[in-house]
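The values are calculated or read from the model by the stated rules, or taken from the named source; none is laboratory data. As the structure is a computational prediction, the values presented were derived from the model and not from experiment. Methodologically, a virtual Cβ is constructed for each residue, glycine included, from the backbone with ideal geometry; neighbour enumeration extends over all protein chains shown. Calculation scope for accessible area: heavy atoms of the full protein, side chains included, ligands and nucleic acids excluded. Shrake-Rupley method; radii C 1.70, N 1.55, O 1.52, S 1.80 Å.
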Amino acid sequence: MQFRGFRIAGAYPRRVARDEQLDELPKVTLAFLRRVEDLCPRRVAFEHQNRRGNRPAPGRWRVANQLTEHARLAHIELGLPSEAAFTPLPDLVPEERRVYDAAVHWYMQLFGDRAVRSVDGEELDEWETTIPELGVRLVGRAGLPVEDADDRAELRLLHVGGPAPDAADPLAPPEARFALLRQARWLAGRSVRLVHADLLYGGVVEHEVAADTALDDLRPWLRQRVDALRERIAHPLPRPGLECGRCRFVAGCNAHG
(Lines give C-alpha, C1' and ligand atoms only; values in the text may rest on other atoms or scores of the structure.)
Protein backbone atom coordinates (compact mmCIF):
# COMPACT_ATOMS: atom_id res chain seq x y z
CA MET A 1 0.00 0.00 0.00
CA GLN A 2 1.55 3.27 -1.07
CA PHE A 3 0.94 6.67 0.48
CA ARG A 4 2.50 9.58 -1.36
CA GLY A 5 3.75 12.84 0.01
CA PHE A 6 3.69 12.11 3.76
CA ARG A 7 6.49 13.58 5.85
CA ILE A 8 5.72 13.53 9.55
CA ALA A 9 8.38 14.64 11.98
CA GLY A 10 9.20 11.99 14.52
CA ALA A 11 7.00 9.38 12.83
CA TYR A 12 9.77 7.12 11.60
CA PRO A 13 10.71 4.18 13.83
CA ARG A 14 14.11 3.90 15.47
CA ARG A 15 16.44 0.98 14.98
CA VAL A 16 17.09 -1.32 17.90
CA ALA A 17 20.66 -1.26 19.13
CA ARG A 18 22.61 -4.23 17.69
CA ASP A 19 19.59 -5.22 15.64
CA GLU A 20 18.89 -4.44 12.00
CA GLN A 21 15.12 -4.78 12.41
CA LEU A 22 12.92 -1.74 12.98
CA ASP A 23 11.16 -1.21 16.28
CA GLU A 24 7.51 -2.18 16.23
CA LEU A 25 5.51 0.69 14.77
CA PRO A 26 2.86 2.41 16.93
CA LYS A 27 -0.61 0.92 16.74
CA VAL A 28 -3.75 2.58 15.35
CA THR A 29 -7.08 0.81 15.81
CA LEU A 30 -10.53 1.39 14.39
CA ALA A 31 -11.64 2.85 17.72
CA PHE A 32 -8.88 5.48 17.50
CA LEU A 33 -9.93 6.47 13.99
CA ARG A 34 -13.60 6.56 14.91
CA ARG A 35 -13.54 8.61 18.13
CA VAL A 36 -10.09 9.24 19.58
CA GLU A 37 -11.22 12.66 20.86
CA ASP A 38 -13.60 10.89 23.28
CA LEU A 39 -11.12 8.35 24.65
CA CYS A 40 -8.84 8.59 27.67
CA PRO A 41 -5.54 10.16 26.52
CA ARG A 42 -3.50 7.94 28.84
CA ARG A 43 -5.10 4.75 27.61
CA VAL A 44 -4.75 5.78 23.95
CA ALA A 45 -1.10 6.72 24.46
CA PHE A 46 -0.24 3.40 26.08
CA GLU A 47 -2.04 1.34 23.44
CA HIS A 48 -0.61 3.44 20.60
CA GLN A 49 2.89 2.92 21.98
CA ASN A 50 2.39 -0.86 22.25
CA ARG A 51 2.76 -0.90 26.03
CA ARG A 52 1.81 -4.15 27.68
CA GLY A 53 -1.07 -4.19 30.11
CA ASN A 54 -3.51 -6.60 31.68
CA ARG A 55 -5.14 -9.00 29.24
CA PRO A 56 -8.71 -7.84 28.52
CA ALA A 57 -11.67 -10.17 28.88
CA PRO A 58 -12.63 -11.66 25.48
CA GLY A 59 -16.38 -11.79 26.12
CA ARG A 60 -17.23 -8.55 24.36
CA TRP A 61 -16.25 -9.85 20.91
CA ARG A 62 -16.43 -13.60 21.46
CA VAL A 63 -19.50 -14.27 19.31
CA ALA A 64 -18.53 -11.92 16.47
CA ASN A 65 -14.94 -13.21 16.33
CA GLN A 66 -16.04 -16.84 16.23
CA LEU A 67 -18.65 -16.11 13.59
CA THR A 68 -16.16 -14.33 11.31
CA GLU A 69 -13.55 -17.05 11.69
CA HIS A 70 -16.04 -19.82 11.00
CA ALA A 71 -17.32 -17.97 7.94
CA ARG A 72 -13.74 -17.75 6.67
CA LEU A 73 -13.30 -21.49 7.16
CA ALA A 74 -16.63 -22.15 5.42
CA HIS A 75 -15.12 -20.62 2.28
CA ILE A 76 -11.65 -22.18 2.27
CA GLU A 77 -12.57 -23.76 -1.06
CA LEU A 78 -14.71 -22.17 -3.76
CA GLY A 79 -18.34 -23.09 -3.19
CA LEU A 80 -21.46 -22.43 -1.17
CA PRO A 81 -21.11 -22.28 2.62
CA SER A 82 -22.25 -25.20 4.71
CA GLU A 83 -23.85 -24.85 8.13
CA ALA A 84 -21.57 -27.67 9.26
CA ALA A 85 -18.68 -25.17 9.20
CA PHE A 86 -20.39 -23.12 11.91
CA THR A 87 -19.74 -24.99 15.14
CA PRO A 88 -19.41 -22.69 18.16
CA LEU A 89 -16.70 -23.30 20.70
CA PRO A 90 -17.92 -24.67 24.05
CA ASP A 91 -16.92 -21.51 25.92
CA LEU A 92 -20.07 -19.66 24.81
CA VAL A 93 -22.66 -19.21 27.54
CA PRO A 94 -26.30 -20.06 26.64
CA GLU A 95 -27.20 -16.45 25.79
CA GLU A 96 -24.16 -16.14 23.51
CA ARG A 97 -25.01 -19.47 21.88
CA ARG A 98 -28.48 -18.20 20.96
CA VAL A 99 -26.97 -15.06 19.42
CA TYR A 100 -24.44 -17.20 17.55
CA ASP A 101 -27.18 -19.48 16.19
CA ALA A 102 -29.21 -16.46 15.03
CA ALA A 103 -26.13 -15.02 13.32
CA VAL A 104 -25.45 -18.29 11.50
CA HIS A 105 -29.09 -18.39 10.34
CA TRP A 106 -28.83 -14.92 8.85
CA TYR A 107 -25.42 -15.59 7.33
CA MET A 108 -26.84 -18.56 5.45
CA GLN A 109 -29.89 -16.54 4.40
CA LEU A 110 -27.81 -13.65 3.09
CA PHE A 111 -24.81 -15.49 1.62
CA GLY A 112 -25.86 -19.11 1.23
CA ASP A 113 -26.36 -18.79 -2.53
CA ARG A 114 -22.98 -17.15 -3.27
CA ALA A 115 -20.13 -19.46 -4.25
CA VAL A 116 -16.92 -17.77 -3.10
CA ARG A 117 -13.56 -18.59 -1.55
CA SER A 118 -11.88 -16.74 1.29
CA VAL A 119 -8.69 -14.85 0.46
CA ASP A 120 -5.38 -14.99 2.29
CA GLY A 121 -1.70 -15.02 1.43
CA GLU A 122 0.99 -12.37 1.06
CA GLU A 123 -1.43 -9.64 -0.01
CA LEU A 124 -3.45 -9.93 3.19
CA ASP A 125 -2.71 -9.96 6.90
CA GLU A 126 -5.58 -10.89 9.15
CA TRP A 127 -4.70 -8.44 11.91
CA GLU A 128 -2.53 -5.56 10.77
CA THR A 129 -1.32 -3.42 7.89
CA THR A 130 1.85 -1.34 8.09
CA ILE A 131 1.75 2.26 6.84
CA PRO A 132 5.47 3.21 6.89
CA GLU A 133 4.91 6.71 5.49
CA LEU A 134 2.72 7.54 8.48
CA GLY A 135 4.84 5.58 10.92
CA VAL A 136 1.93 3.43 12.18
CA ARG A 137 0.28 0.03 11.94
CA LEU A 138 -3.47 -0.30 11.36
CA VAL A 139 -4.40 -3.12 13.74
CA GLY A 140 -7.64 -5.07 13.90
CA ARG A 141 -9.77 -7.35 11.82
CA ALA A 142 -11.01 -5.75 8.60
CA GLY A 143 -13.91 -7.75 7.28
CA LEU A 144 -14.04 -11.08 5.49
CA PRO A 145 -12.34 -10.86 2.05
CA VAL A 146 -13.65 -13.32 -0.54
CA GLU A 147 -13.56 -13.83 -4.31
CA ASP A 148 -15.96 -15.60 -6.65
CA ALA A 149 -15.18 -17.96 -9.53
CA ASP A 150 -14.38 -14.97 -11.77
CA ASP A 151 -11.99 -13.49 -9.16
CA ARG A 152 -14.37 -10.62 -8.42
CA ALA A 153 -13.62 -9.17 -4.99
CA GLU A 154 -16.10 -8.93 -2.14
CA LEU A 155 -15.44 -7.56 1.34
CA ARG A 156 -17.99 -8.61 3.97
CA LEU A 157 -18.29 -6.49 7.11
CA LEU A 158 -20.16 -8.76 9.50
CA HIS A 159 -21.93 -7.17 12.47
CA VAL A 160 -23.91 -8.68 15.32
CA GLY A 161 -26.26 -5.78 16.03
CA GLY A 162 -25.22 -2.14 16.18
CA PRO A 163 -26.21 0.95 14.17
CA ALA A 164 -27.45 0.53 10.63
CA PRO A 165 -24.93 1.53 7.93
CA ASP A 166 -25.52 4.48 5.63
CA ALA A 167 -27.28 3.10 2.55
CA ALA A 168 -26.37 6.18 0.51
CA ASP A 169 -22.64 6.55 1.25
CA PRO A 170 -20.39 3.45 1.11
CA LEU A 171 -17.51 5.28 2.79
CA ALA A 172 -19.45 6.88 5.63
CA PRO A 173 -18.94 4.15 8.28
CA PRO A 174 -15.44 4.25 9.81
CA GLU A 175 -15.26 0.44 9.73
CA ALA A 176 -15.70 0.54 5.95
CA ARG A 177 -12.88 3.07 5.64
CA PHE A 178 -10.67 1.05 7.95
CA ALA A 179 -11.35 -2.17 6.02
CA LEU A 180 -10.55 -0.63 2.64
CA LEU A 181 -7.34 0.91 3.94
CA ARG A 182 -6.31 -2.40 5.51
CA GLN A 183 -7.03 -4.36 2.33
CA ALA A 184 -5.54 -1.82 -0.09
CA ARG A 185 -2.88 -4.11 -1.58
CA TRP A 186 -5.39 -6.83 -2.38
CA LEU A 187 -7.85 -4.35 -3.88
CA ALA A 188 -5.39 -2.28 -5.94
CA GLY A 189 -6.83 -1.62 -9.39
CA ARG A 190 -10.04 -3.53 -8.65
CA SER A 191 -13.70 -2.96 -7.99
CA VAL A 192 -15.03 -4.51 -4.79
CA ARG A 193 -18.50 -5.36 -3.56
CA LEU A 194 -18.60 -3.85 -0.08
CA VAL A 195 -21.23 -5.59 2.05
CA HIS A 196 -22.50 -4.54 5.48
CA ALA A 197 -24.44 -7.43 7.02
CA ASP A 198 -26.20 -7.31 10.38
CA LEU A 199 -26.39 -10.95 11.40
CA LEU A 200 -28.61 -10.27 14.39
CA TYR A 201 -31.54 -8.74 12.48
CA GLY A 202 -30.77 -9.74 8.88
CA GLY A 203 -30.12 -6.26 7.49
CA VAL A 204 -27.77 -5.89 4.54
CA VAL A 205 -26.41 -2.94 2.53
CA GLU A 206 -24.21 -3.46 -0.52
CA HIS A 207 -22.15 -1.06 -2.61
CA GLU A 208 -19.90 -1.57 -5.61
CA VAL A 209 -16.78 0.49 -4.94
CA ALA A 210 -13.84 1.39 -7.20
CA ALA A 211 -11.05 0.73 -4.71
CA ASP A 212 -8.40 3.10 -6.08
CA THR A 213 -10.83 6.03 -6.24
CA ALA A 214 -12.05 5.32 -2.72
CA LEU A 215 -8.51 5.08 -1.36
CA ASP A 216 -7.59 8.43 -2.91
CA ASP A 217 -10.41 9.90 -0.82
CA LEU A 218 -9.49 7.97 2.33
CA ARG A 219 -5.77 8.74 2.53
CA PRO A 220 -6.22 12.40 3.55
CA TRP A 221 -8.83 11.28 6.10
CA LEU A 222 -6.40 8.75 7.56
CA ARG A 223 -3.69 11.38 7.86
CA GLN A 224 -6.11 13.73 9.63
CA ARG A 225 -7.19 11.02 12.07
CA VAL A 226 -3.59 10.06 12.87
CA ASP A 227 -2.85 13.74 13.48
CA ALA A 228 -5.86 13.89 15.83
CA LEU A 229 -4.55 10.84 17.68
CA ARG A 230 -1.14 12.42 18.15
CA GLU A 231 -2.72 15.61 19.37
CA ARG A 232 -4.83 13.63 21.84
CA ILE A 233 -1.80 11.93 23.40
CA ALA A 234 0.44 15.01 23.47
CA HIS A 235 -0.57 15.34 27.13
CA PRO A 236 -1.56 11.79 28.15
CA LEU A 237 -3.40 12.56 31.36
CA PRO A 238 -5.96 10.02 32.59
CA ARG A 239 -9.64 10.73 32.10
CA PRO A 240 -11.75 8.49 34.35
CA GLY A 241 -15.05 7.25 32.97
CA LEU A 242 -16.95 4.19 31.85
CA GLU A 243 -14.11 2.96 29.68
CA CYS A 244 -11.96 2.40 32.80
CA GLY A 245 -13.75 -0.92 33.27
CA ARG A 246 -12.24 -2.20 30.01
CA CYS A 247 -8.85 -0.49 30.30
CA ARG A 248 -5.77 -2.71 30.40
CA PHE A 249 -3.74 0.03 32.10
CA VAL A 250 -5.76 0.77 35.25
CA ALA A 251 -2.88 -0.45 37.43
CA GLY A 252 -0.74 2.54 38.34
CA CYS A 253 -3.25 5.07 37.01
CA ASN A 254 -3.36 8.25 39.12
CA ALA A 255 -7.10 8.56 38.53
CA HIS A 256 -7.59 5.45 40.68
CA GLY A 257 -5.41 6.38 43.59
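Identify all residues within segment 201-221 that are open to solvent by 60 Å² or more (accessible area, probe 1.4 Å) and within 30 Å of H105 (Cα to Cα); write none if there are none.
Once the filter is applied, which keeps residues that are open to solvent by 60 Å² or more (accessible area, probe 1.4 Å) and within 30 Å of H105 (Cα to Cα), segment 201-221 yields Y201, V204, E206, E208.
Being in contact (Cβ under 8 Å) with a residue 60 or more places away in the chain and outside any helix (DSSP H, G or I) is the filter; apply it to segment 241-257 and report the residue that is most open to solvent (accessible area, probe 1.4 Å).
A251
Anything in segment 155-190 that is surrounded by 14 or more Cβ atoms within 10 Å (Cβ to Cβ), more than 25 Å from V63 (Cα to Cα) and among the small types (G, A, S)? List them, or say none.
The answer is A184, and nothing else.
Among the residues of segment 149-178, how many are within 22 Å of G202 (Cβ to Cβ), out of contact with any Gly (no Cβ under 9 Å at 6 or more places or on another chain) and either of a type in the set (D, E) or modelled with pLDDT of 95 or more (or both)?
3
Show the residue pairs that are 6+ apart or on different chains and have beta-carbon atoms under 6 Å apart, the first residue being within segment 145-164 and on the phi > 0 side of the Ramachandran plot, the second being open to solvent by 10 Å² or more (accessible area, probe 1.4 Å) and not in a strand (DSSP E or B).
Hits for this filter: G161/L200.
Within segment 112-122, is even one residue free of Cβ contacts under 8 Å to residues at least 40 places away in the same chain and under 15 Å from the mean Cα position of the chain (by Cα)?
Checked against the condition, which is being free of Cβ contacts under 8 Å to residues at least 40 places away in the same chain and under 15 Å from the mean Cα position of the chain (by Cα), segment 112-122 yields no hits at all.
Taking the stated definitions as given, is P90 surrounded by fewer than 19 Cβ atoms within 10 Å (Cβ to Cβ), over 16 Å from the mean Cα position of the chain (by Cα), more than 17 Å from A115 (Cα to Cα) and modelled with pLDDT of 90 or more?
Taking the combined requirement at face value, the residue does not satisfy it.
Quick check on segment 132-154: of everything there that is in a loop (DSSP other than H, G, I, E, B) and either closer than 26 Å to W61 by Cα or of a type in the set (S, T, Y) (or both), which residue is farthest from the chain's Cα centre (by Cα)?
G143
Just one of the numbered conditions (1) part of a helix (DSSP H, G or I); (2) under 26 Å from E77 (Cβ atoms) is not true of E206; which one?
It fails just one condition, (1).
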